[in-house]
């Protein structure tokens, strides 16, 4: 998976019956042309044409003031 990063999107979803919030995680494969991003970076992604079976996202930039 050269030039590919797995991006994890975490959000809170309310349970319809119990009205509690549940953490929902999505994992997407995103293209990283220069291999510039590392584990733990908070990034912005954009949808692009399919590059492979699972990869149709591209990393646009890194958010500097995260956490």
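May I ask you to derive the relative contact order of the chain, considering only C-alpha pairs under 8 Å and at least 6 residues apart, and to give it as an integer percent? Worked out over the chain, it gives 28 percent. Need one number: the % of Cα-Cα pairs in the chain sitting beyond the 14 Å mark. Tail fraction, whole percent: 63.
Taken along the Cα-to-beta-carbon direction at a fixed 7 Å, the label points for residue 10 and residue 36 span 2.5 nm. How big is the gap, in Å, between the Cα center of segment 39-67 and the Cα center of segment 8-35? Each part's Cα centre sits 14 Å from the other's. Averaged over residues, the count of other Cβ atoms within 10 Å places the peptides 15-25, 38-48 in the sequence 38-48, 15-25, highest first. Counting only DSSP beta bridges with both residues in the chain, the antiparallel share comes to about 85 percent.
The numbers here are math on the coordinates, done by the rules we state, and not lab data. Since this is a predicted model, take the numbers as computed values, not measurements. All Cβ positions, even for glycine, are placed from backbone atoms using ideal geometry, and neighbour counts span all protein chains on display.
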